[in-house]
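Each remark here refers to the structure printed beneath this line.
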Amino acid sequence: MIGKLNWQLQTNSLLLQGDLDRDTLLPLWQQRNKMITDIDCIDV
């Protein structure tokens, strides 16, 4: 069973919610350069 990961940008924070594993993090990892621009905090 593959879990689900949701992410949301809020001000200078990236909020992650859901299952954190290789499969669910792959889409975020592929977009990491544009996703973490100006991010000061990652809330897991």
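See the values below:
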| item | result |
| --- | --- |
| Any pair with Cβ under 7 angstrom, 6 or more apart, that starts in the stretch 24-44 at a residue that is without any contact (Cβ under 8 Å) to a residue 40 or more places away in the chain and more than 15 Å from Gly3 (Cβ to Cβ) and ends at one that is of a type in the set (Ser, Thr, Tyr) and loosely packed, with under 10 Cβ neighbours inside 10 Å | none |
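Matching residues to (1) in a strand (DSSP E or B); (2) among the charged types (D, E, K, R); (3) open to solvent by 100 Å² or more (accessible area, probe 1.4 Å):
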| site | (1), (2), (3) |
| --- | --- |
| Gly3 | no, no, no |
| Leu9 | yes, no, no |
| Leu16 | yes, no, no |
| Asp23 | no, yes, no |
| Leu28 | no, no, no |
| Lys34 | no, yes, yes |
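The values are calculated or read from the model by the stated rules, or taken from the named source; none is laboratory data. Just so you know, these numbers come straight off a predicted model, no measurement behind them. Virtual Cβ from ideal backbone geometry, glycine too; neighbours counted across all protein chains shown. Accessible surface areas use protein heavy atoms only, side chains included; no ligands, DNA or RNA. Shrake-Rupley method; radii C 1.70, N 1.55, O 1.52, S 1.80 Å.
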